[in-house]
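Some notes on the structure that comes next.
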Number of protein chains: 2
Amino acid sequence: MQKEITIKDIAREAGVDVSTVSRSLSGAYGIKADTRNRVLAVAQRLNYRVNRVARGLVTGRSHTLGLIISDIRNPFFTEVARGAEDAARAAGCDLVLCNSDQDATRQMEYVAALAGKRVDGILMNSVAVLDKEQKERLEAIGIPIVLLNRTRGPFSTVCADNKAGGTLAAEYLLKLGHRKVAHLTGPARHGNLTDREKAFVKAMPPDSVTVLHGENSFAGGREMAQTVLAGQPRRITAIFAGNDTIAFGVLRAILDANLKVPDDISLLGFDNVELGSIVQPPLTTIHQPSYELGQRAVETLLRLGKKDAPAENHVLPVQLIERQSCAPATQKI
Amino acid sequence: MQKEITIKDIAREAGVDVSTVSRSLSGAYGIKADTRNRVLAVAQRLNYRVNRVARGLVTGRSHTLGLIISDIRNPFFTEVARGAEDAARAAGCDLVLCNSDQDATRQMEYVAALAGKRVDGILMNSVAVLDKEQKERLEAIGIPIVLLNRTRGPFSTVCADNKAGGTLAAEYLLKLGHRKVAHLTGPARHGNLTDREKAFVKAMPPDSVTVLHGENSFAGGREMAQTVLAGQPRRITAIFAGNDTIAFGVLRAILDANLKVPDDISLLGFDNVELGSIVQPPLTTIHQPSYELGQRAVETLLRLGKKDAPAENHVLPVQLIERQSCAPATQKI
DNA sequence: TCTCTTTTTGCAAACGCTTGCAAACTAGTT
DNA sequence: AACTAGTTTGCAAGCGTTTGCAAAAAGAGA
């Protein structure tokens, strides 16, 4: 590691004070164009590159944001991350990536590490709803934070309109004539999924929907679908999956059972991950604006950085993406 | 932003010097257990959190690594990123995510930004082979760097064994009796893909393979497959795609043409992204250890950080994943 | 009790930058 | 020529740590 070139070197070389160099470099007002150019030339010649950590120490701003999600491999988060990164970049910030793997301890470790780094803000899709102690810790840290996929709480939030999505799903399925449907979703009490579920059930006629809770994954969807398909207490004409990943599992189970989508059974997803358009048949789903979620979240975060900015709660609209996995219900019964 | 608690506060409170606090906190040798405990207690009580940027300034180590890839949404990179993040975390480092979108300028901007942040190392999947000037700039920066998906060059590299993969593909297809095949891949002169292509063509009998170059994407695969399927100068029994993403596009085109995989035509991918096992039929492919690639890369990076560490070149083995998209060739002609 | 080691602590100088304040100029008025 | 009002610069004090070195304290051996 060769010696680092500092503004001192430039100052010496250009025959001015370091403060003048600093001001020239930052384009501050009050430096004669002549001097500035000379300084800039020297800086260029010496191949100078500002040391942001030193600058950060004095300014107190690190121009770094933290993104804590459960797993970047979840396509939804991939998209969120991309939106966040783009927005961060636009604002001259870097984004550090943290995978919590749904582990609350790990999540809080990351928060602590990011705080130690004095990031300008934290973007987090919290593992679970925060308990009182965690909330206090977060507030004590005093770093702007915005929570993804949350709607309430003392912190700023950015979330898709899951309730509207649930309702949308119900309306669509009803319009197609489905009166006996199953909703296969993740664990109960999972913020997002629960909102979808509640709104969906509420918008459907009483007794028309069977809800199954399982693992929030491809395998989970497959399993749930298998049990629904196997023990058939009632003939089901459509399945609404809690999200696309579950839907893919369901699809696999249906195909494995030698049934056809949508001829034998309709399938509706949620999220609109890219894969949905690749799979056969292309999946009809509720689009969640994941990229915009990430984007909006960092924009909010940046605003929170300003003095006395109030918490913001954003709810982004969802949208039905009609592809080929849903068809009108046929009265086979 | 309330006032930050510093070691000075602790020092005052505990009645010792800041250096003692620093040493206590870092568990240095030469502090009486008694004192240390007292300091630790005060730190705890004051809810102290070390300022890593200050520390970084004096130690010269930021415990941050940069990851520059073209797009995190590419599932291959998602996996690489995950491997990298896990390895970084294990080493007590953070990872900042940079999407270059295949833009060389943007890539170099990121390098500069990361350098300004004084990251401990950069992990990069370079957009293109580096020209002389870029190489010099990278070297001048003096930050450890490891290149992903490269095998040669003055820098350390981590790469899957693409040549072996190409050969493997050829051997497998030959074993199944395919003698007229197409290789649909990305742009010519794309490091990775080119290696695969060359090895594949070389291992196949002369004149048995038609190579098509197109866009490296789902759409690209679809298009190339359409032209192969449409104008059929010769009957093809199998397609080897440059990677899984292309393969998915090919699959879609085949399905759209009312042909069956593998009955009418066999399809072989490369990469082994998760989606491959979800798609119908499950895709036979060459597994590239993406997670390990990321992991290995940061491990290498960390080693480079040590004094006088020599450059390393790693080639990771690939592996055939046999699923259901390939079948023995039938002599339809 | 008095040296001689060995620990344990404190002092002070970095690390590379920003920034408030005052000094030194420059130009504009009178 | 003197005075005022800028404008351009330099001085020096930080930002919160770490760390080499020396001072102080504590044991140990006599």
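Peptide A:248-259 is shielded by partner chain Cβ atoms: per residue, an average of 1 of them sit within 10 Å of its Cβ.
Work out, in µm²/s and without decimals, the Stokes-Einstein translational diffusion coefficient of chain A at 10 °C, 1.306 mPa s, Rh from Kirkwood over C-alpha pairs. The diffusion coefficient I find is 70 µm²/s. By other beta-carbon atoms within 10 Å, ranking A:Met204, A:Met124 with the fewest at the front produces A:Met204, A:Met124. Springs between Cα atoms under 10 Å define the GNM used for chain A, and in it the highest mean-square fluctuation of A:Asn149, A:Asn162, A:Asn47 occurs at A:Asn47.
Using the Karplus relation 6.51 cos²θ - 1.76 cosθ + 1.60 with θ = phi - 60°, the per-residue 3J(HN,Hα) values for the range A:19-25 come to 5, 5, 4, 3, 5, 4, 4 Hz, with x marking Gly and Pro. For the range B:7-50, the share of alpha carbon pairs falling in successive 10 Å distance bins from zero is 34, 62, 4 percent.
The range B:1-29 and the range A:85-133 have Cα centres lying 26 Å from one another. With helices as the sole contributors, the protein assembly as shown gives -13500 deg cm²/dmol at 222 nm; each DSSP H run of n ≥ 4 counts as -39500 (n - 2.57), and the sum is divided by every residue. Exposed loop GluC sites (Glu not before Pro) only (DSSP loop, at most 14 other Cβ atoms within 10 Å): please give the longest stretch of chain B free of them, not including the sites. Here the longest run is B:5-321. Can you pull a Stokes-Einstein diffusion coefficient for the protein assembly as shown at 10 °C (1.306 mPa s), Rh from Kirkwood over Cα pairs, as a whole number of µm²/s? For the chosen part, D equals 58 µm²/s.
Please identify, among B:Ala257, B:Ala81, B:Ala33, the residue showing maximal mean-square fluctuation in a Gaussian network model of chain B using a 10 angstrom Cα cutoff. Of B:Ala257, B:Ala81, B:Ala33, the Gaussian network model singles out B:Ala33 as fluctuating most. Separation of the alpha carbons by more than 31 angstrom is noted, of A:Lys8/A:Lys307; B:Lys135/B:Lys180; A:Lys8/B:Lys8; B:Lys202/B:Lys260; B:Lys132/B:Lys306, for A:Lys8/A:Lys307; B:Lys135/B:Lys180.
The phi torsions of the range A:29-34, fed into the Karplus equation with coefficients 6.51, -1.76 and 1.60 and a -60° offset, translate into couplings of 6, x, 10, 5, 3, 4 Hz, rounded to whole numbers, with Gly and Pro shown as x. Per-residue mean of foreign Cβ neighbours for A:106-116 is 2 (Cβ atoms of other chains, 10 Å radius). Coupling constants for the range A:109-116 follow from the phi torsions by the Karplus curve (6.51 cos²θ - 1.76 cosθ + 1.60, θ = phi - 60°), and in residue order they are 4, 5, 4, 5, 4, 5, 5, x Hz; glycine and proline get x.
Assign one of three labels to the range A:100-140, namely rounded, prolate or oblate, based on the Cα gyration tensor with a ≥ b ≥ c the square roots of its eigenvalues; rounded applies when a/c is under 1.5, prolate when it is not and a/b is larger than b/c, and oblate otherwise. Taking the square roots of the gyration eigenvalues as a ≥ b ≥ c, the range A:100-140 is oblate. Once backbone amide H atoms are built at 1.01 Å from N, A:Ile321 has A:Thr285, A:Ile286, A:His287 as its partners under 5 Å, excluding neighbours fewer than 5 places away on the same chain. Translational diffusion of the range A:162-288, estimated by Stokes-Einstein from the Kirkwood radius over alpha carbon pairs at 25 °C in a medium of 0.890 mPa s, is 177 µm² per second. From least to most packed, judged by other beta carbons within 10 angstrom and beginning with the fewest, B:Thr237, A:Thr194 follow the order A:Thr194, B:Thr237. Taking chain A as a Gaussian network, where each spring joins two C-alpha atoms under 10 Å apart, which residue of A:Pro281, A:Pro206, A:Pro289 fluctuates the most? Answer for the Gaussian network model of chain A: A:Pro206.
Residues whose amide H comes within less than 5 Å of that of A:Ile122, counting only those at least five positions distant or on another chain, are A:Gly66, A:Ile145, A:Val146 (H built at 1.01 Å from N in the peptide plane).
Amide H contacts of B:His314: B:Thr157, B:Val158, B:Cys159, each under 5 Å away and 5 or more positions distant or on a separate chain (H built 1.01 Å from N in the peptide plane; Pro and chain starts excluded). Residue exposure proxy: B:Lys117, B:Lys135, A:Lys306, ordered by other Cβ atoms within 10 angstrom of their Cβ from fewest to most, comes out as A:Lys306, B:Lys135, B:Lys117.
Bear in mind these aren't lab numbers, they're just calculated from the coordinates by the rules spelled out. In this text, all values refer to a predicted model and were calculated from it rather than measured experimentally. Here Cβ is always computed from backbone atoms with ideal geometry, including for glycine, and neighbour counts include all displayed protein chains.
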